[in-house]
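See structure below.
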Amino acid sequence: MMGAGALLRPRSKSNIGDKGIAYECGELPVGSAWVKFNIRFYVIAIVFIVFDVEMAAIFPPATIFRDAVLGQTPGLSPALVFLELFLFVGLLVAGLIYCWVRGDLEWVKGITGAVPKK
Amino acid sequence: MSNGLKLVLFAAQLLTVASAILVALHPNVLYASVSLLFAFLGVAVMFVYAGADFIAGAQVIVYVGGVTILILFAIMLTQWLYKMNLKDVPAKLGIPVVIVGVGLIPALYKVMRELAAFVEKNPAPDLEKFANLPKTGVIGQALLSNYVLPFEAITILLLGALVGAVWLARPR
Amino acid sequence: MVNLLNWATGLHGYLFIGAVLFVLGTISIVSRKNAIGILLGIELVLNAAGINFVAFSKFRTGSIDGQVVALFIILIAAAEAAVALAIILRLYRLRETIDAGEANLMRN
Amino acid sequence: MNSANFANSLQTWIGIGPLWIWAIVSALAVLFLLALPFGGFATYVERKIAADMQDRVGPNRVGPYGILQFIADAFKMLGKEDFIPLGCDKFLFNLAPVLVVMGACAAFAALPLSKYLIGADVNIGILFILSVTTLIAPGILLGSWSSANKWSLLGGLRAAAQIVSYEIPVALSILPVILISGSLQIGRMVELQGWSWTAEGLKQFHFWNAFHNPFTFISMILLFIGGLAETNRIPFDLPEAESELVSGFNTEFSGMRFGLYALAEFADVFVMCAIVTALYLGGWQIPFLNLDELWVTLPTFLIALIQLTVFLAKTFTLVFVVMWLRWTLPRLRVDQLMGLCWKGLVPIALFNVLGTAAWMWIFKGQSIAQLLYKLVSG
């Protein structure tokens, strides 16, 4: 599609005058575009990756739950799979509660409360 | 497997190696991590061809969707230490290490070739049947029978990693 | 050409790619000063190990064990990345650097 | 990777040529016959619905009721100058839209349009869709970084944080369906949601997953909310909040690159709605009617056509709801957004997983509909 566009569009000389400058509401940009950003993004990403990994780990046991319940897999009791699921959910809840209580899920500290006490 | 399919796998392997070379040698850390993303994708394609469909999916979800994002966040957070071009100056040992490393490949290859020759002489009986099996359920059963203990240990390890990492990263 | 394809898509090809990724990862670990760059190398090395496990499970044993171990590798690698990046972040905030060579707080 | 797919049937119909050529042909067909027209047409529908809700006329110049507007737009995009602003990282600036489009369009390959019409019914279907759509987050992040603009960077960071956060409730809301159907294969999941009027047939069909048990109904709503957030739609459109961030992560993108972003967004909306349809609303199944149990045997192509229509009707209803919500709900604040995800959706989704598992265990995997049928028929 980019190729088709290259064939169709008229040739023009880019970046004449102010055209190439980043658009910041018509003002000239001040300072570097790569600002320092809130460290919260990072903490959320760390919490996310652990949850994501747990998710990948629980998919295989989840797929055999139906067969275990219907008794189609000999030697595999549904109780075992259920226990596994329960442990999985329990660990996720434990992690979530830890982050919640310590205020890691708050975006703005001090406004919405739940600031950890030192 | 038809030659066309093999060609696709070969292209994925080339992509993997080329991206891995960029990861190791590109001076710009951001570009290195972007090529790491492509190396992950190439490895995922290799997994698919090795009959590991679920592992390939997990690879993409965990690495491309998780680790790469985390690394990009880290680079963007710390980039001002490295000015705009994100140049990473190689350590003092840099160039000798590269030479030794590349020299290591033939030695590794020799060991590997003997191993592969041995394996191809003694393959397991029903490889073909195994290759076409949907793996997710099989992995699930393995995780709940032979590998229960390691699996639980890893789940707890992940909880520990979460608590530790969040404690380290928490702004204070 | 067909010979090359057969070689590359067989066990040899998988092992070769695994070896190359391992070597490149090691190079990255040793030669980079940026701590994030070192982490990139570690991820490559772990992927190389995963390739070998999956390849042997397909070409040699014909059992699921190799793939389960590869799954474990992926899980542990992600946990390791989370902790490592948290440490890097801590280093960055304490010392305003992410140069692995300057992380020598314990030495002084 | 196996089972029926476009490539195989193309090869058997035409009878010649290696399989991989037909695989490429079918991939292109999915892209050009499905993803692109839908993406384009959705922009028209969106504008028309917006106009209706605001009591305006909307596009009405090109073709009857302005219906050809999106084709004109496409040519306009193609004809625009290929412009890269100063200070941009050129390579990443070019790469980012491609990654995003790749993530959104590859998912089309595994959507179950009908029993006989599915790009590739791979046995990790839903995992495949989940994993290719993760490409969108790095794409957006890299695009925003490379355009050397503060607003872009902020928008991109917000987008990435939002997309990855909401991936958790989305995956957790898919888990009950996996528990119920015992497979990751989407074709199988849809198949099980059928209906039969015979007691024998009803042993395997359990009607729509949304009504399997109370927990799955909540799961469906969670999946829909999570999907809205994943696709950056209102009320979760903080990454492109025009009153705060100009246009968010795509501020500096113009011409065809912007077109690719817009296309990817609409394709993503379609994919999310199609997932909700396939997983919870019965996919191509017609409620309380089993096409195999009719008094006549329908030809395969007719069945495929009917199922395609049913599937698209359900999906487009959901797409309409998405566009409707745009003019109904205000935008969330960023702290509310994260709070909703981690303190609202994730705990409820975890509860749903356990609840569904308990239901499965107690009732031996039977749904409400099956239990009711048993009760009524004695």
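Taking residue A:58 as the residue in question, decide whether it is at pLDDT below 75 and closer than 30 Å to residue B:69 by Cβ.
no
May I ask you to say which residue of D:304, D:313 is modelled with pLDDT under 85, under 21 Å from the mean Cα position of the chain (by Cα) and surrounded by fewer than 19 Cβ atoms within 10 Å (Cβ to Cβ)?
D:304
Quick one: residue C:60 ticks every box in (1) more than 7 Å from chain B (Cβ to nearest Cβ); (2) surrounded by fewer than 22 Cβ atoms within 10 Å (Cβ to Cβ); (3) under 17 Å from residue B:50 (Cα atoms) except a single one, so which number is it?
If we test residue C:60 against (1) more than 7 Å from chain B (Cβ to nearest Cβ); (2) surrounded by fewer than 22 Cβ atoms within 10 Å (Cβ to Cβ); (3) under 17 Å from residue B:50 (Cα atoms), just (1) comes out false.
With (1) under 12 Å from residue D:270 (Cβ atoms); (2) without any contact (Cβ under 8 Å) to a residue 60 or more places away in the chain as the list, and residue D:319 as the residue in question, which single condition is left unmet?
In the conditions (1) under 12 Å from residue D:270 (Cβ atoms); (2) without any contact (Cβ under 8 Å) to a residue 60 or more places away in the chain, residue D:319 misses (2) alone.
Go through the stretch D:342-362 and count every residue that is more than 9 Å from every other protein chain (Cβ to nearest Cβ) and touching a residue at least 12 places away in the same chain (Cβ under 8 Å).
7
Table: residues versus (1) more than 7 Å from every other protein chain (Cβ to nearest Cβ); (2) crowded, with 24+ Cβ neighbours inside 10 Å; (3) modelled with pLDDT under 85.
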| site | (1), (2), (3) |
| --- | --- |
| B:45 | yes, no, no |
| B:57 | no, yes, no |
| B:67 | no, yes, no |
| B:71 | no, yes, no |
| B:77 | no, no, yes |
| B:85 | yes, no, yes |
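If you go through the stretch B:43-65, how many residues are part of a helix (DSSP H, G or I) and farther than 26 Å from residue D:170 by Cα?
Residues in the stretch B:43-65 being part of a helix (DSSP H, G or I) and farther than 26 Å from residue D:170 by Cα: 2 in total.
Take the residues in the stretch C:27-38 that are more than 7 Å from chain B (Cβ to nearest Cβ) and touching a residue at least 40 places away in the same chain (Cβ under 8 Å); name whichever of them is farthest from the chain's Cα centre (by Cα).
Per the criteria, the residue is C:35.
With the condition being facing another protein chain (nearest Cβ under 7 Å), I'd like the helices (runs of 4 or more DSSP H) fully within the stretch D:117-229 carrying at least 1 qualifying residues.
D:125-133, D:136-146, D:150-181
Looking for something within 15 Å of residue D:367 (Cβ to Cβ), touching a Leu at 6+ places or on another chain (Cβ under 9 Å) and at pLDDT 85 or above - is there at least one such residue anywhere in the stretch D:224-246?
No, the stretch D:224-246 contains no residue that is within 15 Å of residue D:367 (Cβ to Cβ), touching a Leu at 6+ places or on another chain (Cβ under 9 Å) and at pLDDT 85 or above.
Which of the residues spanning the stretch C:1-26 are within 16 Å of the chain's Cα centre (by Cα) and within 8 Å of another protein chain (Cβ to nearest Cβ)?
Those that are within 16 Å of the chain's Cα centre (by Cα) and within 8 Å of another protein chain (Cβ to nearest Cβ): C:14, C:15, C:16, C:17, C:19, C:20, C:21, C:22, C:23, C:24, C:25, C:26.
List, please: which pairs have Cβ atoms under 6 Å, are six or more places apart or on different chains, and start with a residue in the stretch A:76-100 that is facing chain B (nearest Cβ under 10 Å) and end with one that is β-branched (Val, Ile, Thr) and surrounded by fewer than 19 Cβ atoms within 10 Å (Cβ to Cβ)?
What qualifies is A:98/B:163.
So in the stretch D:322-350, with the set limited to residues that are in a helix (DSSP H, G or I) and under 18 Å from residue D:44 (Cβ atoms), which one is nearest to the chain's Cα centre (by Cα)?
Step by step, filter the stretch D:322-350, then rank; the result is D:322.
The values are calculated or read from the model by the stated rules, or taken from the named source; none is laboratory data. On a predicted model such as this, the values are computed, not experimentally measured, just so you know. Cβ sites come from the backbone with ideal geometry, for glycine too, and all protein chains shown count toward neighbours.
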